[in-house]
Amino acid sequence: MSPWQLMPAPGDHIGRVPFIVGVGVVIALYWLGIRASEAALPWMAEMLAPRGINAGFALNLIWLALGALLVGALIVLGALRLRQRSRSPWWAVAAVVPLAILALVNDAIFLVSRSFVLPPLLNWTLLLAASAVAVWVLAECLREPG
């Protein structure tokens, strides 16, 4: 079986239980990746310091890659489930991407927040709006068809 056969086709959709299991597996793998990278930090520091590379920067790169994989997987799962519910799959993007961008900007990864700071009122407004969309999409994905 080729890896491309695992990718969803344009007309594919999934049921509620596979969606829940898929989200659970994706979150568990993300959590394991974060914990494994934290456990490997002393080894990374030992290996990277002689080369002049900050292990904290390498850890941020790993976390950024894990976050990108998490966002991508959640978008695919949400789009497939929303298609089953006869909703636009673009709602999955609208639910996940704004929260990911806010997390990236507010977490000071690569010192972004030191050069780009959102005013607190705007930050909270965007967070609440993005969270409301995400909660609606999640509720829509968890509803039974009918």
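At-a-glance table
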read-out: Qualifying positions in the stretch 44-61 - open to solvent by 60 Å² or more (accessible area, probe 1.4 Å) and either assigned to a helix (DSSP H, G or I) or under 30 Å from V17 (Cβ atoms) (or both); value: E46, M47, A49, P50, R51, F57, L61
read-out: All positions within the stretch 1-39 that are assigned to a loop (DSSP other than H, G, I, E, B) and either at pLDDT 90 or above or among the basic types (K, R) (or both); value: none
read-out: Near pairs, Cβ below 9 angstrom, 6+ apart or cross-chain, from the stretch 33-55 (touching a residue at least 12 places away in the same chain (Cβ under 8 Å)) to any residue that is open to solvent by 60 Å² or more (accessible area, probe 1.4 Å) and in a loop (DSSP other than H, G, I, E, B); value: M44/I53
read-out: Out of L80, L69, sole residue that is modelled with pLDDT of 85 or more, part of a helix (DSSP H, G or I), buried (at least 16 other Cβ atoms within 10 Å of the Cβ) and not β-branched (V, I, T); value: L80
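The values are calculated or read from the model by the stated rules, or taken from the named source; none is laboratory data. The model shown is predicted, which means the values in this text are computed figures rather than measured ones. In this analysis, Cβ positions are derived from the backbone assuming ideal geometry, glycine residues included, and neighbour counts consider all displayed protein chains. These accessible areas exclude ligands, DNA and RNA; they are computed on the full protein's heavy atoms, side chains included. Shrake-Rupley method; radii C 1.70, N 1.55, O 1.52, S 1.80 Å.
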